[in-house]
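Following: one structure in structure tokens, then a few remarks.
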Amino acid sequence: MTLIYWDHAATTPPLEQVVDTMSEIMKMHYANPSALHRSGEAAGKLLKRAREVCAAALQVQPGEIVLTSGATESNNMAIKGAAMKYRSRGQHIITTGTEHPSVYECCKQLESLGWEVTYLPVDAEGIVDLAALAAAIRKDTVLVSIMHVNNEMGAISPLADIGRIVKERNPRTLLHVDGVQGFGKLPVELSAWQADLYSLSAHKFNGPRGMGLLYVKQGVQLFPILSGGSQESGHRAGTENVAGAVAMSKAMRLAQEGQPELHARLTEIRDILLREIRQIPGLELNSSERSAPHIVHFSCPGLKPEVMVHALEELGMLVSTKSACSSKLSEPSRVLLAMGKDAAHASSGIRISLGKEHQPEDAASLAQALRVVCGKLRPIMEREGQRE
Amino acid sequence: MTYDMLLLRFGEFTLKGKNRSRFERSVHNHIKSVLRPFPKANIIKEYGRLYVELNGESPEALAGALKKVFGLVSISPVRVCPSELDSIIKTAVEFVGQKVLTKETTFKVTARRVWKPFPHSSQEMNHLVGSPLLRAYPQLKVQVKNPEIELRIEIRQERTYLFYEVIPGVGGFPLGTNGKAMLLLSGGIDSPVAGWEAMRRGLEIQCVHFYSYPYTSQLAKEKVMELTRILSGYAGRLKLHLVPFTDVQTSFVGIGQDNLIITLMRRAMLRIATTLAEKEGALAIVTGDSLGQVASQTLASMNVIGRATDLPILRPLVTSDKNEIIRTAIDIGTYETSILPYEDCCTLFVPKSPTTNPNLHVVERVEASLEHMAARIEAAVAGTETLIIKPDTNISAGSSNDDGAVVNEDWF
């Protein structure tokens, strides 16, 4: 049986060219880019070029790119780094109730250290309440952190409006955007959003694992979370991952160039899935045509989502419960609860996420598998539903 | 806003009678080279003026590129119409209508009748155009002093131009219209700015850089190549002379004259630059000296150092403050490269207390006592490598390394 992988929001398969680049550079340019000898210089040049390519994909300056190990690190660096650097301006942070754990838990940690955090409400589609945002910004608000695309159900934040509101209310408040799920799928316009900080993870756009970046707008300072050497302009100590950086830059360039085409293709496949799922009794969609094109999310109230995952797996379809980072837990999803879903919906979410290699036929196969599985599980779902 | 053209205005050189056509040719070539990335833009030469037809290119992007053109004093994005009263009024109404007028906005019309046979005077035109505008847009209110919108109308025989803005250019003289000079280019903030100022005054420059491998690194050399590349954006292409300076420089060490090392070194640099200038037919040496900034830039030091050459030394930054120099460096795009931390030969072997008041006789005596100095200087000139650097020269690829390019573009 061939497996079809539907978990691209968790991680994407690296492109072959990316793997080749990575392995060639690992073999040829293993020197430490901080070394003074010519091998070190060569590695340094590759790193410089990688930074330029990454910056060009975001239309920013190379000096504004800090290379990291991934978005968890980028988010920690942005939020804790800004909170600590600008403590004298105030100790208030604003975020939403639907952020990724690497943002949410950072805020929780800062709360335990004495910072005040406002968690903004979202509407039934998972979009942040702009009036609440405007009302929450104060003189001592140091940072607003809002994601571009929700990793669980694909809601797209109106970042241009958010940026305008934040800067109108308090020009000194920094805006951090967790861009992980948006890059390569949707247009990214950091200057229009007025973003000061922007996180990315390479393995979400067919790049290597263990590589990411944080865009830090010129003039913005961060307290370094990892101290040690003076790499990355002092933002992040540690020997640079040259092969990873070059491989990421390649994946990033390709993702950026292919974004409009991929968006169109994913939208087509996504729309097939939405149409099909609407017709399957027992499944209730949490995402829609207004969500990001690579995420389809539904609940199967009355059923443990693991059961659905394993039943689909037997038919060759690999899907995910909640987000991968929290899928081992069987508690209701914080994100779905924030959208106003009840516990039965919030604890039975299934996420299907699409990628480059999918074809419309794959969507038809998946829909067929869903119908088969639901047909089998339906009686149990209904019984469980009644018991609740 | 939709515009048809950019109107370009030129400065003092247009007054210089006989040389005018040479100046115009230089400026025309310079404009052509900076507009190369905008294939749809079209340069028109008409009645002694230059215009750039936009044909859909962004006026902001073009104006940004044109800020590199020396001699260009200001730029206005314009709307164009035939020089007839009806069409001027119609175009003005439509042009002002493109501005979003959400609240009361003060305005005035400033017409200029350059073509005297046009039947209405400048004064009359202000009213003839102003009244229909007031009728069409009730938010407008006339205010003669500092209005929010000033609609300027220039009536010429060939056509009439309507515009709001006058965007300043860099001014100066067209490229290379005032002779040729050698620029002493270190890796610092000042010398690239001095080079730019010299070019702005119409000098054609060639860069001279001294390196002391292995005391200075390959990266320091590449940094200077990168600075030259940035400056070449204002000149199309630049010559860079890379002078091997190690032998000359180390010969000043250990002779018991530590406090004179910088004086001796700078004099040797001037001698080498003078020889290169003779070869290249240059008539001056440009430096980034700024009075009093460091020990070698006190008046006394300048006096003793400057006597090592017969050529005039031009110091465009001599009375500038460091902050002004930094601001220009940021504007012209050299600052970020200049602050990269690679040591160049100017900071090597710097004594704890360099003299700020060298004695010419002592310096000359010390130089006379150094054996083989002339031979070392000759060898440095002979070993000089000359590169031609253009805006698209790839420097970070490590092309000057003997093992070829490090950066394989297939990887990116």
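If you check B:LEU62, B:LEU6, which single one turns out to be assigned to a helix (DSSP H, G or I), crowded, with 19+ Cβ neighbours inside 10 Å and touching a residue at least 40 places away in the same chain (Cβ under 8 Å)?
Only one candidate qualifies: B:LEU62.
Counting only residues that are touching an Asp or Glu at 6+ places or on another chain (Cβ under 7 Å) and either free of Cβ contacts under 8 Å to residues at least 40 places away in the same chain or under 21 Å from A:GLU361 (Cβ atoms) (or both), which one in the stretch A:270-297 is most open to solvent (accessible area, probe 1.4 Å)?
Taking the candidates together, the pick is A:GLU289.
Could you tell me whether A:GLU105 is more than 14 Å from every other protein chain (Cβ to nearest Cβ), at pLDDT 95 or above and either within 20 Å of A:HIS235 (Cβ to Cβ) or not in a helix (DSSP H, G or I) (or both)?
no
Taking the stretch A:108-120, which residues are surrounded by 15 or more Cβ atoms within 10 Å (Cβ to Cβ) and part of a loop (DSSP other than H, G, I, E, B)?
Hit for the stretch A:108-120 is A:TRP115, nothing else.
Going through the stretch B:224-241 one residue at a time, which ones are touching a helix residue (DSSP H, G or I) at 6+ places or on another chain (Cβ under 8 Å) and open to solvent by less than 10 Å² (accessible area, probe 1.4 Å)?
B:LEU227, B:LEU231, B:LEU238, B:LEU240, B:HIS241
What about B:GLU57, is it surrounded by 19 or more Cβ atoms within 10 Å (Cβ to Cβ) and of a type in the set (Asp, Glu)?
Against the criterion (surrounded by 19 or more Cβ atoms within 10 Å (Cβ to Cβ) and of a type in the set (Asp, Glu)), B:GLU57 qualifies.
Looking at (1) in contact (Cβ under 8 Å) with a residue 24 or more places away in the chain; (2) over 11 Å from the mean Cα position of the chain (by Cα), which one does A:ASP129 not meet, given that it meets all the others?
Of everything listed in (1) in contact (Cβ under 8 Å) with a residue 24 or more places away in the chain; (2) over 11 Å from the mean Cα position of the chain (by Cα), A:ASP129 misses just condition (1).
Return the total of residues in the stretch A:142-164 being open to solvent by 20 Å² or more (accessible area, probe 1.4 Å) and over 23 Å from A:SER333 (Cβ atoms).
Here the count works out to 3.
Can you name the helices (runs of 4 or more DSSP H) wholly within the stretch A:1-90 that have at least 2 residues being open to solvent by 10 Å² or more (accessible area, probe 1.4 Å), within 14 Å of another protein chain (Cβ to nearest Cβ) and under 30 Å from A:VAL296 (Cβ atoms)?
Passing ranges, in order: A:16-28.
Determine, yes or no, whether B:LEU314 is within 14 Å of chain A (Cβ to nearest Cβ) and either among the hydroxyl-bearing types (Ser, Thr, Tyr) or open to solvent by 50 Å² or more (accessible area, probe 1.4 Å) (or both).
Taking the combined requirement at face value, the residue does not satisfy it.
Looking at A:ALA50, A:ALA43, A:ALA57, which is the one that is touching a Pro at 6+ places or on another chain (Cβ under 9 Å) and closer than 30 Å to A:VAL220 by Cβ?
Among A:ALA50, A:ALA43, A:ALA57, only A:ALA43 is touching a Pro at 6+ places or on another chain (Cβ under 9 Å) and closer than 30 Å to A:VAL220 by Cβ.
Consider the stretch B:243-265. How many of its residues are assigned to a strand (DSSP E or B) and crowded, with 20+ Cβ neighbours inside 10 Å? It would help to see each step written out before you state the result.
Of all residues in the stretch B:243-265, those assigned to a strand (DSSP E or B) come to B:243-244.
Among the residues that remain, those that are also crowded, with 20+ Cβ neighbours inside 10 Å are: B:243.
Qualifying residue count for the region: 1.
Given B:ALA382, B:ALA368, which one is over 22 Å from B:ALA194 (Cβ atoms), open to solvent by 50 Å² or more (accessible area, probe 1.4 Å) and within 31 Å of the chain's Cα centre (by Cα)?
Details: B:ALA368 fails: within 31 Å of the chain's Cα centre (by Cα).
One residue alone meets the criteria, B:ALA382.
Among (1) in a loop (DSSP other than H, G, I, E, B); (2) touching a helix residue (DSSP H, G or I) at 6+ places or on another chain (Cβ under 7 Å); (3) touching a residue at least 60 places away in the same chain (Cβ under 8 Å), which single condition is B:GLU158 missing?
(2)
Scan the stretch B:266-287 for residues that are of a type in the set (Lys, Arg) and either open to solvent by less than 10 Å² (accessible area, probe 1.4 Å) or more than 15 Å from B:MET302 (Cα to Cα) (or both) and jot them down.
B:ARG267, B:LYS279
Residues B:THR337, B:THR328: which one is within 14 Å of chain A (Cβ to nearest Cβ), touching a residue at least 24 places away in the same chain (Cβ under 8 Å) and surrounded by 14 or more Cβ atoms within 10 Å (Cβ to Cβ)?
B:THR337
Could you please find all residues in the stretch A:211-227 being touching a His at 6+ places or on another chain (Cβ under 8 Å) and over 16 Å from A:GLY179 (Cβ atoms)?
Residues satisfying the conditions are A:LEU222, A:PRO224.
How many residues are outside any loop (DSSP other than H, G, I, E, B) and farther than 15 Å from B:SER212 by Cα if we restrict to the stretch B:226-242?
Total meeting the criteria: 10.
Which members of the stretch B:347-385 meet the condition of being assigned to a loop (DSSP other than H, G, I, E, B), of a type in the set (Gly, Ala, Ser) and touching a strand residue (DSSP E or B) at 6+ places or on another chain (Cβ under 7 Å)?
Narrowing the stretch B:347-385 to residues assigned to a loop (DSSP other than H, G, I, E, B): B:348-359, B:370-372, B:383-384.
Of the ones still in play, those that are also of a type in the set (Gly, Ala, Ser) are B:353, B:383.
Of everything in the stretch B:347-385, just one residue is assigned to a loop (DSSP other than H, G, I, E, B), of a type in the set (Gly, Ala, Ser) and touching a strand residue (DSSP E or B) at 6+ places or on another chain (Cβ under 7 Å), namely B:GLY383.
For residues that are over 33 Å from the mean Cα position of the chain (by Cα) and basic (Lys, Arg), scanning just the stretch B:109-158, find the one that is least open to solvent (accessible area, probe 1.4 Å).
B:ARG113
Go through the stretch A:165-177 and report how many residues are surrounded by 23 or more Cβ atoms within 10 Å (Cβ to Cβ) and out of contact with any Leu (no Cβ under 9 Å at 6 or more places or on another chain).
0
Could you tell me whether any residue of the stretch A:225-245 is assigned to a loop (DSSP other than H, G, I, E, B), without any contact (Cβ under 8 Å) to a residue 60 or more places away in the chain and within 14 Å of chain B (Cβ to nearest Cβ)?
Yes, the stretch A:225-245 has at least one match.
Can you name the condition, by its number, that B:HIS120 falls short on among (1) in contact with a strand residue (DSSP E or B) (Cβ under 8 Å, 6 or more places away or on another chain); (2) part of a helix (DSSP H, G or I); (3) in contact (Cβ under 8 Å) with a residue 24 or more places away in the chain?
Single failed check for B:HIS120: (2).
Tally up the residues in the stretch B:290-311 that are free of Cβ contacts under 8 Å to residues at least 40 places away in the same chain and open to solvent by less than 30 Å² (accessible area, probe 1.4 Å), please.
Count: 4.
When the stretch B:276-309 is examined, which residues are found to be on the phi > 0 side of the Ramachandran plot and touching a Lys or Arg at 6+ places or on another chain (Cβ under 8 Å)?
B:GLY281
Considering only residues that are among the polar types (S, T, N, Q) and out of contact with any Gly (no Cβ under 7 Å at 6 or more places or on another chain), which ones fall in the stretch B:158-185?
If the condition is that a residue be among the polar types (S, T, N, Q) and out of contact with any Gly (no Cβ under 7 Å at 6 or more places or on another chain), then B:THR160 is the only one that fits.
Residues checked against (1) more than 26 Å from B:ILE75 (Cα to Cα); (2) of a type in the set (A, V, I, L, M, F, W, C); (3) part of a loop (DSSP other than H, G, I, E, B):
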| position | (1), (2), (3) |
| --- | --- |
| B:VAL96 | no, yes, no |
| B:VAL100 | no, yes, yes |
| B:LYS103 | yes, no, yes |
| B:VAL109 | no, yes, no |
| B:ARG135 | yes, no, no |
| B:ILE153 | no, yes, no |
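The values are calculated or read from the model by the stated rules, or taken from the named source; none is laboratory data. Just so we're clear, the structure is a prediction, and the values are computed from it rather than from any experiment. Reconstructed Cβ throughout: ideal geometry from the backbone, glycine too, with neighbour counts over all protein chains shown. All accessible areas refer to the heavy atoms of the entire protein, side chains included, with ligands and DNA or RNA removed. Shrake-Rupley method; radii C 1.70, N 1.55, O 1.52, S 1.80 Å.
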